[in-house]
Amino acid sequence: MTDTNHTWRDAQSIDLNGLRVTLSEPIAIGRSRGYFWFPNLWRMPNGDLLATISPVADIHMSSIPYLVTWSRDGGLSWSEPIVTNDGGQTLLQLSNGDAILLPYILRPRPQGMGAPYNLIPAATRDVAYVPSGVTITGWPGPAKTIVPGLDMESFAFNGQTLQLQDGSYLATVYGALRDLPGDRIFAVQSSDGVHWAIYSLIADNMCGVVGKEGPNESALLRLNDGRILCVFRVGSRANYGQCWSSDEGKSWSAPVTMDGVFSVQPSLATRADGVIALGGGRPGLYLWLNADGSGLTWQAIDMQAHHNACHPNEAIARYTDHNHQQQTSAYTEVVAVDETHFLYLYDRLANGWHPIPEAMDDTNSVWLVRVSVER
């Protein structure tokens, strides 16, 4: 699947306040003439990397397919993808070594909401579809209907998961409740990764973080001081909001707006020394770094400019209007791989949100950068 590339090649170094950052030349992990975007990335316990990529248009579907691909050499080469359904944006690592690709869009269930998921048995690359699915109970009200007659609710699993101190698991779901304005994010808790219950409200449209949508796509991270940080989207071109929990996700601080950090689906990762990386963008592609482990102050690196400097023949055009004409979804992923390095994943869209015309000699592609961070 991947372009041939047998080693990381450092392309530039950037000095920040207290940090030196070295960015590798971006490598393309895959290309397609069809839809090939909204990538996700995780590092498995054995060091393998797992990526999922959406091969379909950005439309409402009750069952969403994803391409699943693996790397055993730190991201330099990738397996031919397989196709799975109902699970590709959120991964839960279980304490027994198994992993669950949680579903995105949820469906009505007699006891709440749920959907099929995919199970990855420990130390394997097998992806097994489990139609019985996960369930979430304890909802405070019915969900808003997005598409009448379609077997789907407005709520979806999204973002990153954590294991709590009692051994149970924490994840986030977002969506809209019927007759209430705007999106909201709930924390959900499970002891087995299959049976979930509403645990707490993280943020709603009254949280004070300004955006047209209300809180939705989010990321979770446990800080070195034990608190849990949540960063979330409120709009396509709005600054992120953030809040903290000091009691294992049972309650959350009042959300605040992040300064100069934006805008769609955030991704968080941290190292043992407390350096935090945050991926996001729109407009543009950015990596933000927090050196002191608090999640309060961030220093920006323009990853779109880095891509364009390294690959001028496959440059990502700058944002020009409000009709999804930019050449990236700005859905990024960042993961920590060791004490020095992060990986940053993003997409390039040849023709924006639209299919590639027959006459256009180009491809959609997903790219990976190795980020070295030294104090």
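Choose one answer from Tyr331, Tyr346, Tyr129: the residue with the largest mean-square fluctuation in a GNM of the chain with alpha-carbon springs under 10 Å.
Result for the chain, Cα springs under 10 Å: Tyr129 fluctuates most.
For labels at Asp362 and Leu94 in the simple 7 Å Cα→Cβ model, what's the distance in nm?
4.4
Among 351-362, 86-97, how do they line up from the highest to the lowest mean number of other beta-carbon atoms within 10 Å?
In descending order of packing, they fall as 86-97, 351-362.
Taking amide H positions as placed 1.01 Å from N in the peptide plane, with prolines and chain starts having none, which residues 5 or more places from Trp78, or on another chain, fall under 5 Å of its amide H?
The answer is Thr2.
Net charge near Tyr169, counting Lys/Arg +1 and Asp/Glu -1 over other residues with Cβ under 15 Å of its Cβ?
-2
Once Rh for the chain is found with the Kirkwood sum over Cα pairs, what is the Stokes-Einstein diffusion coefficient at 25 °C and 0.890 mPa s, in µm²/s?
118
What value in Å³ per residue do you get for the convex hull of the alpha-carbon atoms in the range 238-375?
130
Per 5 Å bin, what percent of the C-alpha pairs of the range 1-142 does each bin hold, from zero upward?
Cα pair-distance distribution for the range 1-142, in percent: 2, 9, 16, 17, 16, 14, 11, 7, 5, 3, 1, 0.
In whole angstrom, note down how far apart the Cα centers of the range 125-192 and the range 233-295 are.
21
Which value at 222 nm does the chain reach when only helices count, each DSSP H run of 4 or more adding -39,500 (n - 2.57), with the total divided by all residues and rounded to the nearest 500 deg cm²/dmol?
Per the formula, -500 deg cm²/dmol.
From zero up to wherever the largest Cα-Cα distance of the range 1-77 sits, split into 5 Å bins and tell me the percent of pairs in each.
P(r) for the range 1-77, in whole percents per bin: 3, 13, 18, 18, 17, 14, 10, 5, 2, 0.
Please compute the contact order of the chain in relative form: average sequence separation of alpha-carbon pairs under 8 Å and at least six residues apart, divided by the residue count, as a percent.
15
Sort Glu339, Glu333 so the one with the fewest other Cβ atoms within 10 Å of its own Cβ comes first.
Ordered from fewest to most neighbouring Cβ atoms within 10 Å, Glu339, Glu333 come out as Glu339, Glu333.
Just name one of Gln242, Val134, Cys207: the one whose Cα is farthest towards the positive end of the charge dipole of the chain (beta-carbon charges, Lys/Arg +1, Asp/Glu -1).
Cys207
Starting from the Cα-Cα distance between Asp247 and Arg9, subtract it from 0.36 nm times their residue separation and give me the gain in nm to one decimal.
Here the answer is 81.4 nm.
Assigning unit charges at the beta carbon (Lys, Arg +1; Asp, Glu -1) and nothing else, what dipole magnitude in debye, to the nearest 20, does the chain show about its Cα centre?
440
Taking the alpha carbon gyration tensor of the range 163-266, what are the square roots of 5 times its eigenvalues, largest first, to the nearest whole Å?
22, 16, 11
So, in nm, how far is label Ile82 from label Trp353 when the simple model puts each one 7 Å beyond its Cα toward the Cβ?
Modelled inter-label distance: 3.3 nm.
Of Ser77, Leu19, Leu94, which is farthest on the positive side of the dipole of the range 1-109, counting Cα position, with +1 on Lys and Arg Cβ, -1 on Asp and Glu Cβ, and the Cα centre as origin?
Final value for the positive-end residue is Leu94.
Hey, could you pull the Cα Rg and Dmax for the range 101-228, both in Å?
Cα radius of gyration and Dmax of the range 101-228 are 15.1, 47 Å respectively.
May I ask you to order 8-19, 160-171 by the average number of other C-beta atoms within 10 Å around their residues, highest value first?
Order by mean packing, descending: 160-171, 8-19.
Mind giving me the FRET efficiency for Asp259 and Asp225? R0 is 25 Å, r the Cβ-Cβ distance, nearest 0.05 is fine.
With a Förster radius of 25 Å, E is 0.70.
Where a number appears in this text, it was derived from the coordinates with a stated rule and is not lab data. It should be emphasised that the depicted structure is a prediction, and the values quoted were computed from it without experimental measurement. Quick reminder, even Gly has a Cβ in these numbers, built from the backbone with ideal geometry, and neighbours come from all protein chains shown.
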